[in-house]
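This report refers to the structure that appears directly beneath it.
The values are calculated or read from the model by the stated rules, or taken from the named source; none is laboratory data. None of these values were measured; they are calculated from a predicted model. Note: ideal-geometry Cβ built from the backbone for every residue, glycine included; neighbour counts use all protein chains shown.
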Amino acid sequence: MSRRGPGTLLRDLLRGDDQARAVAQIVAHVAPDILVLQGVDYDADLRALSVLRDVMSEAGQRYDHVLALAPNTGMQTGLDLNGDERLGGPEDAQGYGRFRGADGMAVLSRWPILTENVQDFSHLLWRDLPGAKMPKVDGAPFPSDAAQSVQRLSSVGHWAVPIAHPLRQMTILTFAAGPPVFDGPEDRNGLRNADEIRFWRLFLDGAIGEAPTSRYVIAANANLDPTAGEGRREAIADLISDPRLQDPLRQTGPTVDWTDPKPGDLRVSYVLPSIDWAVLDADVFWPDAGAPDHGLLAIKDVAASRHRLVWVDISF
């Protein structure tokens, strides 16, 4: 749900965008009580998100509560962040983006979101993360010390979002890590992706922010597979094997269709409940767009996303 320019997503939604309808049909079919969306353009008044929420409601799944915060994507720094000796490109923003707010995140919930208690770590500088592994070339900071002095950790954002479930409070922990590719031998993107993932273990340790005292769920796109593809795979392997978390989808398989072009089907999206939840079921919803055996309306030649909806059914 990202477009090439600001305001374009809202325009498309108001015109009855087929992709939005495909997304809404899948969401209504799976019917999650809490939904984390990633790769959805942000605007300050949440107009696009509000219209998308209405499209979902028309499809049969209503969310009374939504949250979206300004992402780091497209936030220009005025510096050369990727070492190409040019300024003002998408890779010179705090997070890759053609415009401010591109490819943001959102949380939609049937239950109230405690917005006043949300923790937003999107401003954390990468170098301020304990144990941060910053890129170097010939022993010098890459691309420069000035760049590293302003570079934030989050490609999009890191949020801890408390939700007032009728039985007790819970917290959604979400982020969208940048891809660990599209860089050079300095491995800037690979190092950053690994540290974006490692953030959550530090957060649960109490080294950053206030760790949740109630039950929580990590729901995110880590952009990294623990066994295949490029990147520092140990980062996500360490997270999904953390004894404070459950990984009910360990044997389920890929969550994204990247067969054309490569690198192929990989597991990059995760829903990891804390160990104190009872996990009832879990899966990756992997239909063809409009597949009749899923009871979805036919939308010809339209795919909701190459990323599939990952869901976990949990109980107190």
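Structure notes:
- For residue 196, the conditions (1) assigned to a helix (DSSP H, G or I); (2) out of contact with any Ser or Thr (no Cβ under 7 Å at 6 or more places or on another chain); (3) charged (D, E, K, R) are fulfilled apart from (2).
- The C-beta contact set for segment 151-169 (first residue free of Cβ contacts under 8 Å to residues at least 24 places away in the same chain and in a loop (DSSP other than H, G, I, E, B), second residue aromatic (Phe, Trp, Tyr) and surrounded by fewer than 21 Cβ atoms within 10 Å (Cβ to Cβ), distance under 7 angstrom, 6+ apart or interchain) is empty.
- Taken over segment 114-164, the residue count meeting the criterion of being polar (S, T, N, Q), surrounded by fewer than 17 Cβ atoms within 10 Å (Cβ to Cβ) and closer than 18 Å to residue 83 by Cβ is 2.
- Contacts under 8 angstrom Cβ, first residue in segment 48-75 being within 17 Å of residue 10 (Cα to Cα), partner modelled with pLDDT under 95 and hydroxyl-bearing (Ser, Thr, Tyr), 6 or more apart: none
- Note on segment 1-32: residues that are touching a strand residue (DSSP E or B) at 6+ places or on another chain (Cβ under 7 Å) and among the small types (Gly, Ala, Ser) amount to 1.
- Residues in segment 64-120 that are under 26 Å from residue 27 (Cβ atoms), touching a helix residue (DSSP H, G or I) at 6+ places or on another chain (Cβ under 7 Å) and not in a loop (DSSP other than H, G, I, E, B): 4 in all.
- Qualifying residue in segment 15-25 (condition: touching a residue at least 60 places away in the same chain (Cβ under 8 Å), in a loop (DSSP other than H, G, I, E, B) and small (Gly, Ala, Ser)): no
- Taking (1) among the acidic types (Asp, Glu); (2) surrounded by fewer than 21 Cβ atoms within 10 Å (Cβ to Cβ); (3) touching a residue at least 24 places away in the same chain (Cβ under 8 Å) in turn, residue 103 satisfies each apart from (2).
- Some residue of segment 243-254 being free of Cβ contacts under 8 Å to residues at least 60 places away in the same chain, surrounded by 23 or more Cβ atoms within 10 Å (Cβ to Cβ) and of a type in the set (Val, Ile, Thr): no
- When the residues of segment 193-222 are filtered to those that are among the polar types (S, T, N, Q) and closer than 25 Å to residue 313 by Cβ, the one that is surrounded by the fewest Cβ atoms within 10 Å (Cβ to Cβ) is 213.
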